[in-house]
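Structure first, then comments.
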Ligand SMILES: *Cc1c(COP(=O)(O)O)cnc(C)c1O
C-alpha cells in the first residue's frame, strides 16, 4: 500500500527516512545485538542514545547551559499540573486563554492557586491572538503562561509578552522546532512529542535551572522537575524507544539545515496554502491573517454539506485527516516539519479541481 498524505494534527506524519532507519534498526541496533526497545535504559548503548538526543536538541534550539532538557511522560497535559505544582511560591500566575489547550492549562492550574486570565480570544471562537494590556499583569505572579501555537484553532504568537522578571512559560507542543525561538526568553518550554518531535509518549521540558527545586513536600517524585533533572531523565525508566525516535528526527532536522532552514521551508509551505485560500471563491481560512499558524491551517467553505463532501473526496484521493476539530468544524490541514512541500502542492491542486467541479 502507498503512503497517503497525512494531515493529522497529532500524532502526525514523521519523516520517511526516520521511519526507514528505525525499521532497519528495529531488530538489531548497530553494535548492540538487540533492538532499542529491548535494551536496559542503564546500558552504555542506551546512554549514548539519550545523551545524543539531548545534545542534538540543545544544538538545534541553541539551549543555553543554564537550562535543563528533560524527557518526561504524561504528555503536555501533565505539564498543565506540573507547572503550577513546581513553580508556585506566591500561588499566583497569569495565563492567556487562546484555545482549548490554554483553557485546559488554566483549569488545571486553578486547582493549585489563583489564576489571573490576562487576555482571551474566546469571544470569537479563538480566531485571533488577543492583544496584551500590561496593566492586567499581576506583579506577584510566579510565572506567565501562554500557548505559543494553538493547534486546534490555527493561531500563533509572533511576539512575546513583556513580563519583566516574571518567567515566561509556554506550551510549544505544536510548534517546537518549526521556527527559531530564543530559549533564553523563557523560564520553561514544554511540548508533547507527537507533533514535531516523534511518537506520542515523550514530553520535552526545557527549564531554567533557577526554577528547579521549589516543589512542595507532597509533590509526587515523578512530578518533581528537580528529581528528573538530577537523574538525567532516568529517575525511572524513560520512554526509551520514543526518545530514540526523537533522536532520529533531530538528526534528520539537522540534515535539513536545522531550525532556521526548516522555518524557511515552513513559511513557504504555509504560504502555498494560505495564498490559495486567500484567492479561492470557495474556501477561506478561519483566523485573523496576522495571527496565522505555520503548522495548523483551518479552513471552511460556506456550506457544511460542501465541507463534508470535500473531506470525503479528499480522503478517497489520498489526503487524510483533513476533517476539522469539532469545535471549529470545516477542515484543518496540519503541516508539521515532516510534511513535505509536495504534499501541500498536491492538496492545493486537489482543492482547485474540487472548486471547479463544484461550482
Ligand atoms: C496536542 C497538544 C496538547 C496535548 O498534548 P498531550 O500530549 O496529548 O497531553 C497540549 N497542548 C497543545 C498546544 C497541543 O497541540
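Tabulated results
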item: Rough spin-label spacing in nm, given labels placed 7 Å along Cα→Cβ, for residue 349 and residue 73; result: 4.4
item: Label-zone membership for the stretch 184-217, site residue 236, 7 angstrom Cα→C-beta point, backbone N under 17 Å; result: 201-204
item: The stretch 259-357 - percent relative contact order, Cα under 8 Å, separation 6 or more; result: 29
item: Paramagnetic reach from residue 4 in the stretch 304-325 [backbone N under 12 Å; point 7 Å along Cα→Cβ]; result: 311-323
item: Packing-based order for 145-158, 164-177, using average beta carbon neighbours within 10 Å, highest first; result: 145-158, 164-177
item: Contour minus Cα-Cα distance for residue 183 and residue 162 (0.36 nm per residue); result: 6.1 nm
item: Estimated 222 nm signal from helices in the chain, with DSSP H stretches of n ≥ 4 weighted -39500 (n - 2.57), rounded to 500; result: -11000 deg cm²/dmol
item: Over the chain, relative contact order from alpha-carbon pairs under 8 Å, at least 6 apart, %; result: 23
item: With 5 Å bins from 0: P(r) over the stretch 259-357, alpha-carbon pairs, percent; result: 2, 13, 26, 28, 19, 9, 3, 1, 0
item: Distance from the stretch 332-348 to the stretch 142-177 (C-alpha centre basis), Å; result: 24
item: Cβ-Cβ FRET estimate between residue 20 and residue 341, R0 fixed at 22 Å, reported to 0.05; result: 0.70
item: Overall dimensions of the stretch 16-255 as given by Cα atoms, namely Rg and Dmax in Å; result: 18.3, 61
item: Per residue Cα convex hull volume in Å³ - calculated over the stretch 61-139; result: 145
item: Mean Cα-pair separation over length for the stretch 1-101, i.e. relative contact order, pairs under 8 Å, 6 or more apart, %; result: 8
item: Interatomic Cα distance distribution for the stretch 14-114, bins of 5 angstrom, percent; result: 2, 10, 13, 14, 15, 14, 12, 10, 7, 4, 0
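A short reminder: the numbers here are calculations on the coordinates, not readings from a lab. Since we're looking at a predicted model, the values are computed, not measured. Counting neighbours? That spans all protein chains shown, and the Cβs are built from the backbone with ideal geometry, glycine included.
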